[in-house]
1. Please list, ordered by chain and number, the residues whose modelled amide H lies under 5 Å from the amide H of PHE286; skip anything fewer than 5 residues away on the same chain.
2. If Lys and Arg each add +1 and Asp and Glu each add -1, what is the summed charge of the other residues whose beta carbon sits under 13 Å from the beta carbon of GLY73?
3. Amide H neighbours of VAL37 under 5 Å, counting only residues 5+ apart in sequence or on other chains, H built in-plane at 1.01 Å?
4. Among ASN232, ASN185, ALA310, whose Cα lies farthest out toward the positive end of the dipole of the range 161-329, if unit charges sit on the beta carbon of Lys, Arg (+1) and Asp, Glu (-1)?
5. Taking only protein heavy atoms and a 1.4 Å probe, what accessible area per residue, in Å², does the chain have with all protein chains in place?
6. What relative contact order, as a whole-number percentage, does the chain give when Cα pairs under 8 Å and 6 or more residues apart are counted?
7. Run the accessible area of the chain with a 1.4 Å probe and give the carbon-and-sulfur part as a rounded percent.
8. Sticking with the crude label model, points 7 Å out along Cα→Cβ, report the distance from ASP307 to LEU347 in nm, one decimal please.
Amino acid sequence: MRVLNYLEFASQLDRSGIGTATDQQRAALATTDVEVVTSPWPESVAAGAAGLLRGDGVVRDYDVAHCNLIGPGSLAVARQAKRNDIPLVLHSHVTREDFAESFRGSTAVAPALGKYLKWFYSQADVVLCPSEYTKRTLESYPVDAPIRPVSNGVDTDALDGFEDRREEYRTEYDLDGMTVFTVGNVFERKGLTTFCTLAQETDYDFAWFGPYDTGPHASKTVRYWVENAPENVTFTGWIDDIRGAFGAGDVYLFATKNENQGIAVLEAMACGKAVVIRDIPVFEEFYTHGHDCLKCSTDAEFRRALDLLARDPDLRRRLGENARETAAKHSLDRVGDRLVETYEDALAGRLEG
């Protein structure tokens, strides 16, 4: 079986959650009998676009088309797949809800985006999404296509050696004691204000490992906190080796307001870190308070959780050990099996939700 696994704007999305999820799909499929092609264009995007105008711009020698984004390239692939009776798999990494509070103006645009997503995802023979929560979200639009949850998984091999980078990264960013950290792009939706407020109210070192934008696309909130960071907060910006973040940090804090799954949480768990997360619906299906994480709803609860973990290293260790076991349930082997099953069902016309 030959499958197109396509991510347009791949270079711009290299360190994003969508980029990571796509890389992990391809890594998962590498252990199967599926042959993966990553571009629909015969030579280049420009050549493909020119060919598309002639009606032959998309490579046709694949059995299933799987798109990971919602832009014009994916739309072109979708239309060509429908014209040529190629099963179309659309992966919902983007929803109206999780687009809000990301970039400047994203909240205002989110309602219109929701209308587009309803139409776009309904073109699919099957829609994949990272969680049952996202499936319910898409059903509420409603999306007129079968919807199947498939975990984004966690690439434990890519995290090997994180411990060896601890001293280097703690020294580079002047981190001391129990360090509270987050990994990923700096957005308000990801809990930025809560992160900084907790830092102001405590004496722990806080580090946010990930890129941020203070230009015209940045939200006012991001610009404010990055330019007025509390003394005990470090915004690292882009780092070359994400393993350094998981090596340097001790307690992974994720006060996100909305997620479809949250790959970095699984990465932190795979590294055996104690995890403190916001108590939102998507996390109910994956994590258990007091077993593999601590869940909080208010700033006061987050503060108490951090103080508890600072006082009780044994609790940190126990949560981390249980978190490793949870992360193991999201192995790439399981992701690969689920993807292959979906492709086979698409080819055979067995596409219930």
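1. Close amide H contacts, sequence-distant or interchain: none at all.
2. Values: positive: ARG79; negative: GLU8.
Cβ neighbours under 13 Å give a net charge of 0.
3. HN-HN under 5 Å from VAL37: VAL3, LEU4, ASN5.
4. The Cα lying farthest towards the positive end belongs to ASN185.
5. Result: 43 Å² of accessible area for each residue.
6. Relative CO of the chain lands at 18 percent.
7. 47
8. Each label point is offset 7 Å from its Cα along the Cβ direction, giving 5.9 nm.
The values are calculated or read from the model by the stated rules, or taken from the named source; none is laboratory data. Here the structure is a predicted model, which is why all the values come from computation and not from measurement. In this analysis, Cβ positions are derived from the backbone assuming ideal geometry, glycine residues included, and neighbour counts consider all displayed protein chains. Protein only, heavy atoms only, side chains kept; ligands, DNA and RNA dropped before computing areas. Shrake-Rupley method; radii C 1.70, N 1.55, O 1.52, S 1.80 Å.
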